[in-house]
Amino acid sequence: MPDFPDRLAQPDDLEALRAVMARAIAQLQHDFLTPEQVAASHQVMGLDTQLIADQTYFLVEDGAGTIAGCGGWSFRATLYGGDASIVARAPQRLDPAHDAAKIRAMYTNPDFTRRGIGRRILGLCEEAARAAGFTRAEMMATMAGVPLYEACGYARVEPILSAAIDGVCVPLVRMEKPLRRSHRGSRENT
């Protein structure tokens, strides 16, 4: 994808990232959730700026600098949720020898769906987590994301419901994947 460069997100990207996330939640979840659940999703999902501070949050842009997608991984215990979400934070560091890296805040700009952007960002996250010594990754997936994550080798571990927001719970799925190195010395996602 040469005309879609990737890079680590910086604090200057926050406004554009939040706009992409809001559009993705509003437009890409509607085939999987009720309108009330989509509205509640804005309080469950979002960007945790700790990922940008930790330099573990990627974005992919088109040639004009528009964010096509974004996502990150974390060496901290928080599994999901953004700065403005109702989800509690757990900022303690994980031990790669025992813990799974956390795949976090994966979003595709609705104008760029079905172009491999999500798969590419997920690969960047997995590679970075492997380089940091992690052998497993886990995530809290949205219902819209489950098909992509299953296609990329993630297995469903357990369904959960978010805390109620104005009486509405958002369905989510905790998923896991082993991160292995190939026998040839190169890394691969199996």
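Going through Ile165, Ile160, Ile121 one at a time, which residue ends up being surrounded by fewer than 19 Cβ atoms within 10 Å (Cβ to Cβ), touching a residue at least 60 places away in the same chain (Cβ under 8 Å) and of a type in the set (Val, Ile, Thr)?
The unique qualifying residue is Ile165.
Only one of (1) closer than 24 Å to Ala68 by Cβ; (2) in contact with a Phe, Trp or Tyr (Cβ under 8 Å, 6 or more places away or on another chain) fails for Ala132. Which number is that?
(1) is the only condition that Ala132 fails.
I need a count of the residues in segment 75-84 that are under 15 Å from the mean Cα position of the chain (by Cα) and closer than 20 Å to Gln43 by Cβ.
6
With (1) closer than 21 Å to His30 by Cβ; (2) modelled with pLDDT of 95 or more as the list, and Ala164 as the residue in question, which single condition is left unmet?
The single condition Ala164 does not satisfy is (2).
Can you confirm whether segment 127-135 contains a residue that is within 12 Å of the chain's Cα centre (by Cα), at pLDDT 95 or above and either within 14 Å of Thr56 (Cα to Cα) or surrounded by 20 or more Cβ atoms within 10 Å (Cβ to Cβ) (or both)?
Within segment 127-135, none of the residues are within 12 Å of the chain's Cα centre (by Cα), at pLDDT 95 or above and either within 14 Å of Thr56 (Cα to Cα) or surrounded by 20 or more Cβ atoms within 10 Å (Cβ to Cβ) (or both).
For every residue, the table says whether it meets (1) farther than 13 Å from Gly82 by Cβ; (2) of a type in the set (Lys, Arg).
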{"residue": "Asp3", "(1), (2)": "yes, no"}
{"residue": "Arg7", "(1), (2)": "yes, yes"}
{"residue": "Asp12", "(1), (2)": "yes, no"}
{"residue": "Arg18", "(1), (2)": "no, yes"}
{"residue": "Ala26", "(1), (2)": "yes, no"}
{"residue": "Gln29", "(1), (2)": "yes, no"}
{"residue": "Leu33", "(1), (2)": "yes, no"}
{"residue": "Gln37", "(1), (2)": "yes, no"}
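Just need a number here: residues in segment 63-78 that are over 16 Å from Ala19 (Cα atoms) and either of a type in the set (D, E, K, R) or crowded, with 23+ Cβ neighbours inside 10 Å (or both).
4
The values are calculated or read from the model by the stated rules, or taken from the named source; none is laboratory data. Since we're looking at a predicted model, the values are computed, not measured. Cβ atoms come from the backbone with ideal geometry, glycine included; neighbour counts cover every protein chain shown.
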